Each structure stands twice: as C-alpha cells, then as structure tokens.
C-alpha cells in the first residue's frame, strides 16, 4: 500500500504526517508527502516531531510530480484554509482539514497540529489490512431513557414513524428502509450520562452467519462476552455477544427459522453452537 500526504507548501502539515505515518503505520506501507507549491521545511515542524522522537531534519519540500501521485493507493489532503492539491484518477481519498500552524508561528500551534494528525493516523493504522466483517441485515440499538412517554414522542418525530409496539417498559421503532431496529427503555434509576447505550445489535441472515461472525471476531481480537448459542426464552435467537473496546455490549443475532422453532427443546435450555465454548459462557 502507498499513501501520499498532500498540502500546498509541503512545509509543515504533510511533512509531519509523513514522519508520523512512517513511525506508526506498518513497515509494509510506503509513505510520501508533497505540495502543489512546495516551499521550505518549517523548522518548528522539525522541532515538534523531535519532541516525539521522530527526526524530520533530512526532509525537504517536494513537488507532486516528484512523488508519482498516480501510483498512490490513498491520498490524504490536509489543507484547511487553502485549495488542496488534486490528483485525478480512481484513487481512495481522505481529507483532514488541519489548521496551518505556520500562520501562528509558534511551537504550540505545531504541537496542536502534530497531535491532531497523530490521532488520525493512529485510527488509520487500525484500518490497514482490516478483515471483512459480518454482512448485517439490520442494525439494532437500545437506549435507556428517563421519561418513556416524552422520549417516545421525540423519536417518533425524529424517525418519522410511530413505534411498532410499546409497553410500560419500552417502545420499539422499526424502519426497514434504514435497516433500523431501535428500542428505548426505562432507565430503572441508573445514573444517565452521555453514553447510556444498553446495547447495540447487528442482525445476520442465519445461524451459520452468527457462528462465522464468532470466528471472525476471534481473528480480529474482539472481546467475546458470550459465545454463540441458540436461546429460546423471550425472543428465540441465535446470538453472539461481544463488547467493544469501551465495554459497550454488541449483540450479533439471527432469528430462528420455522423449522428451528419447531425443534425447540421442551426445557428451553440454550444450545451452544461451537463445541467447547460452554465453559466460557
């Protein structure tokens, strides 16, 4: 993979991006930077990256044609106030509008730009060689609310639909055109804050897709809360529970077919779908 960072002068932002990317991205990724009107490498860019152990002192500003932009797999532009360079062709593009620290002319502005670029490259590093995820058919979210009635009114307006159903405990909204299954539920006195999701869910086509999602989750290093199993009490489902890096619960699920429902055991005890995972439940 070849990534090209571009700005106008190639004197600060794209230079810092190149240095940071070389330090953070896998060694298999080729990185370069250039500008549409190259100037002179800003010494404050060198100083800001030196504080993180990255040496830019041998870098220089380069014109686009020197870095063969037509061979890039990904082009990242970092201009905020200026017109960014444009390279024609079928290439993947990202735009990161970072304020030009050269305008301020002090090291604090360069540190701010450096840290903003670094955080974005850290995300990019997690996307390199990202394996394919499960093919969802619907996205589900459950949110705790203080006032069920007023929240139901608000989400009816926001989603432009009445709830499919509601009780004294919850209201369920279905929007097939959005592949949305959204539930608001009473908070039970739990302290609420900006991050009050009860859980998220992704519907899959069938049992085999849920088992496949389990193996894919293990391969990417995801945290498995509950291994795949078929549950019969409540809503019968094939389900897998994951947690995201912040601990939010994710339910990967598929509805049972009529034949699977007909084979429901009398005791309705969950059936684990991958041998040897019962102990992990």
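Computed from label points 7 Å out along Cα-Cβ, the spacing between residue 223 and residue 260 is 2.7 nm.
Label zone of residue 199 (point 7 Å out along Cα→Cβ, amide N under 13 Å): in the stretch 244-258 this covers 244, 248-254. What is the angle, in °, between the Cα long axis of helix 148-159 and the longest principal axis of the Cα atoms in the chain? Nearest 10 is fine, range 0 to 90. That helix lies at roughly 60 degrees to the long axis.
Using just its DSSP H runs of length 4 or more, each adding -39500 (n - 2.57), the chain gives a mean residue ellipticity at 222 nm of -8000 deg cm²/dmol after division by all residues. Working from label points 7 Å from Cα in the Cα-to-Cβ sense, the residue 164 to residue 246 distance is 2.7 nm. Legend: calculated FRET efficiency, residue 1 to residue 52, from the Cβ-Cβ distance at R0 = 22 Å, rounded to 0.05, equals 0.40.
Taking 1.567 mPa s as the viscosity and 4 °C as the temperature, the Stokes-Einstein diffusion coefficient of the chain based on its alpha-carbon Kirkwood radius rounds to 57 µm²/s. Residue order for 233, 62, fewest other beta carbons within 10 angstrom first, comes to 233, 62.
In the stretch 2-127, the alpha-carbon atoms span a convex hull of 95 Å³ per residue.
Which of 139, 110 comes first, and how do the rest follow, when ranked by fewest Cβ neighbours within 10 Å? The partial results should precede the final answer.
Working: 139 14, 110 25.
Arranged by neighbour count, lowest to highest, 139, 110 become 139, 110.
Compute the acute angle (0 to 90°) between the alpha-carbon long axis of helix 13-24 and the principal axis of greatest extent of the alpha-carbon atoms of the chain; round to the nearest 10°. It works out to around 60 degrees. Here each label is just a point 7 Å from Cα along the line to Cβ, and for residue 156 and residue 93 those points are 4.4 nm apart. Sorting 76, 83 by the number of Cβ atoms found within 10 Å of their own Cβ, with the fewest placed first, yields 83, 76. When only Cα pairs below 8 angstrom with a gap of at least 6 residues are kept, the chain shows a relative contact order of 13 percent.
Can you compute the label reach from residue 206? Point 7 Å from Cα along the Cβ direction, backbone N cut-off under 18 Å, restricted to the stretch 248-281. 253-264, 273-274, by backbone N distance to the label point.
Values quoted throughout were computed directly from the atomic coordinates according to the rules given, and no laboratory measurement underlies them. Since this is a predicted model, take the numbers as computed values, not measurements. When we count neighbours, we look across all protein chains shown, and the Cβ atoms used for this are built from the backbone with ideal geometry, even at glycine.
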